[in-house]
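S.K.: Starting off with a structure, shown below.
The values are calculated or read from the model by the stated rules, or taken from the named source; none is laboratory data. Remember, predicted model here, so these are calculated numbers, not experimental data. Backbone-built Cβ (ideal geometry, glycine too); neighbour counts: all protein chains shown. Only protein heavy atoms, including side chains, enter the accessible area calculation; ligands, DNA and RNA are left aside. Shrake-Rupley method; radii C 1.70, N 1.55, O 1.52, S 1.80 Å.
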Amino acid sequence: EQVKNHNAGDIKIIEDKIKSYKDGIKLDSSEKTNILKDFNKLKTEIKENKDHIHSLRDVPAMLVKTETLESTLKDEIHSLNSTATCKCCGQDLPKDQKEKHAKLLECRKALVIAKNKNEELKDAQELLEKQKNEESVLSDDINAISYRIGNAESNIKVLEKEKKEKEASSNIASFQASLEESESKKLEISNKLQSLINEQIHHDVVYDIL
């Protein structure tokens, strides 16, 4: 009986531990699901950003080319002002000089666009680095949660095996106790029967004597 009661207490402790692990798995699974949503969303954003960066891949070269062209045009028409007229007399300048001046103006417009695009590229590249860092953190979190869940599941298997052993031990103890009780009752009945037989024999002997 003591073994049975002791095992019952152990089984209750084991069941509480199993419940605790299962509750932890439930919480971890919910957290993992939410992190996976963020992770997958981030991967989509990273892909979009990479595509954007790829579309701007020629910007640095374009910027250098435009800056070089601007410098060249400046050297050729350094004496011209924005109206493409002579600074001395105000008369119209030769056609070729006007064309160079027009090119310079167009070049400057292109240069503004190139610089803006180059800044856009730098911002996208900086964002990509932040996204990659965030992706790494989320990946580590997912792996850590997966490890906790796996570890908890392994512990549950061990505890369930231990529980079965305790239950088997309790069943054996119960069977032994039942067997001992049965043997005790059997002995008691046998003793009573023997006592009755003895009484009957004694009664018959006395009756014969009389």
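S.K.: Mind listing whichever residues of the range 38-82 are open to solvent by less than 90 Å² (accessible area, probe 1.4 Å) and modelled with pLDDT under 60?
M.R.: 77, 79, 80, 81 - these are the residues of the range 38-82 that are open to solvent by less than 90 Å² (accessible area, probe 1.4 Å) and modelled with pLDDT under 60.
S.K.: Go through the range 107-125 and give me each residue that's among the hydrophobic types (A, V, I, L, M, F, W, C) and either surrounded by 12 or more Cβ atoms within 10 Å (Cβ to Cβ) or at pLDDT 95 or above (or both). Break it down into steps so the answer makes sense when it comes.
M.R.: Within the range 107-125, the first condition is being among the hydrophobic types (A, V, I, L, M, F, W, C), and the residues that meet it are 107, 110-114, 121, 124.
Residues satisfying the conditions are 107, 110, 111, 113, 114, 121, 124.
S.K.: Looking at 185, 164, 192, 157 in this structure, which one is modelled with pLDDT of 65 or more, open to solvent by 90 Å² or more (accessible area, probe 1.4 Å), within 20 Å of residue 8 (Cβ to Cβ) and in a helix (DSSP H, G or I)?
M.R.: Only one candidate passes the filter, namely 164.
S.K.: So, one more: Among the residues in the range 126-145, are any more than 24 Å from residue 38 (Cα to Cα) and open to solvent by 90 Å² or more (accessible area, probe 1.4 Å)?
M.R.: So the first thing to find is which residues in the range 126-145 are more than 24 Å from residue 38 (Cα to Cα), and the list is none.
No, the conditions are met nowhere in the range 126-145.
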